Amino acid sequence: MSALKDKLKADLTTSMKARDEVRTRTLRMALAAVSTEEVAGAEARELSDDEVVKVLTKEAKKRREASEAFAGAGRDEQAQAERDEHAVLEGYLPAQLSDEELDRLVQEAIAESGAEGPKAMGQVMKVLNPKVAGRAEGGRVAQAVRARLAG
């Protein structure tokens, strides 16, 4: 079993004993998502730490988008609940890249791939994605690459 999944389970037990409802609810949801991913596909398998991080990243993105949707609809209580869950998940994800770090990685990937112009975005993304995996959202990465290639 992956170390991250073990940590999630241990933290779930701790949060249940502490009667921390938000943390308990969030960790149960995260472990359910991990379990669902483990049984998806042709046969059941154990996820690696990297795969667990991908699942948690996806869940964090869902929480952020849901909080924005609730806030936009004037449902502040639900929006806050989603933000609280997002904050819990952030604790298990690698630190996000700053704009400066992301920009530096984009420049390196462009130089490495020899890409020129917006049509070469796919080449740059192919080089860049493994370097930023889990540390920057895909949309943010694509936007930085697009801006750099455009001029």
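Could you give the accessible area per residue of segment 23-151, probe 1.4 Å, as a whole number in Å²? Write out the running numbers ahead of the final one.
On the way: 7510 Å² over 129 residues.
Heavy-atom accessible area per residue stands at 58 Å².
Calculate, in nm to one decimal, what Q96 and T13 gain on full extension: separation in residues at 0.36 nm each, minus their alpha carbon distance. Kindly include the intermediate steps, with their values, before the conclusion.
Details: separation 83, 0.36 × 83 = 29.88 nm, distance 2.71 nm.
Fully extending the segment from Q96 to T13 adds 27.2 nm.
Which one of L102, M29, G134 is farthest out on the positive end of the charge dipole of segment 6-151, using unit charges on Cβ (Lys, Arg +1; Asp, Glu -1) and the Cα centre as origin?
Ranked along the dipole, the leading option is M29.
At 20 angstrom or more along the helix axis (alpha-carbon based) and mean Kyte-Doolittle of 1.0 or higher, what helices does the chain contain? Whole DSSP H runs only.
Values: long enough: 3-17 (21 Å, -0.53); 21-39 (27 Å, 0.03); 49-72 (34 Å, -0.88); 76-90 (21 Å, -1.49); 99-113 (21 Å, -0.66).
In the chain, no H run is both long and hydrophobic enough.
Determine which residues of segment 120-143 fall in the zone a paramagnetic label at A69 would reach in this model, i.e. backbone nitrogen under 19 Å from the point 7 Å along Cα→Cβ.
It comes to 138-139, nothing else.
For the chain, which longest stretch is free of loop sites, where a loop site is one of the GluC sites (Glu not before Pro) that DSSP puts outside H, G, I, E and B and that has at most 13 other Cβ atoms within 10 Å? Spell out each step's value before the answer.
Working: sites that count: E43, E46, E116.
Looking at the chain, 47-115 is the longest stretch - no exposed GluC sites (Glu not before Pro) with at most 13 other Cβ atoms within 10 Å.
Rounded to the nearest 500, what is the 222 nm mean residue ellipticity of the chain from helices alone, with -39500 (n - 2.57) per DSSP H run of 4+ residues and division by all residues? Intermediate results must be reported in sequence, preceding the final value.
Values: 7 runs with 113 residues, N = 151.
For the chain, the value works out to -25000 deg cm²/dmol.
Carbon and sulfur: what percent of the chain's accessible surface (1.4 Å probe)?
Roughly 51 percent of what the probe reaches on the chain is carbon or sulfur.
In Å and whole numbers, how far do the C-alpha atoms of segment 13-151 stretch along each principal axis, longest first?
55, 43, 25
Determine the dipole magnitude for segment 63-121: charges of +1 sit on the beta-carbon of Lys and Arg, -1 on that of Asp and Glu, nothing else is charged, the reference point is the Cα centre, and the result goes in debye to the nearest 20.
Values: 6 positive and 15 negative charges, 40 e Å.
Taking the Cα centre of segment 63-121 as origin, the dipole is about 200 debye.
Which residue, chosen from S2, T13, F70, occupies the Cα position most advanced towards the positive end of the dipole of the chain, where the dipole is computed from +1 (Lys, Arg) and -1 (Asp, Glu) charges on Cβ about the Cα centre?
Selected residue: F70.
If you count only protein heavy atoms and use a 1.4 Å probe, how large is the accessible surface of L4, to the nearest 10 Å²?
20
Mind putting a number on the dipole of segment 111-151 about its Cα centre? Charges go on the C-beta only, +1 for Lys and Arg and -1 for Asp and Glu, and I need it in Debye to the nearest 20. It would help to have the intermediate numbers written out before the result.
Details: 7 positive and 3 negative charges, 18 e Å.
Once rounded to the nearest 20, the dipole reads 80 debye.
The values are calculated or read from the model by the stated rules, or taken from the named source; none is laboratory data. Model, not experiment: these values are computed from the prediction. Because the Cβ atoms are built from the backbone with ideal geometry, glycine has one as well, and the counts that use them run over all protein chains shown. The protein model used for the area step is the full one, side chains on, heavy atoms only, and it has no ligands, DNA or RNA in it. Shrake-Rupley method; radii C 1.70, N 1.55, O 1.52, S 1.80 Å.
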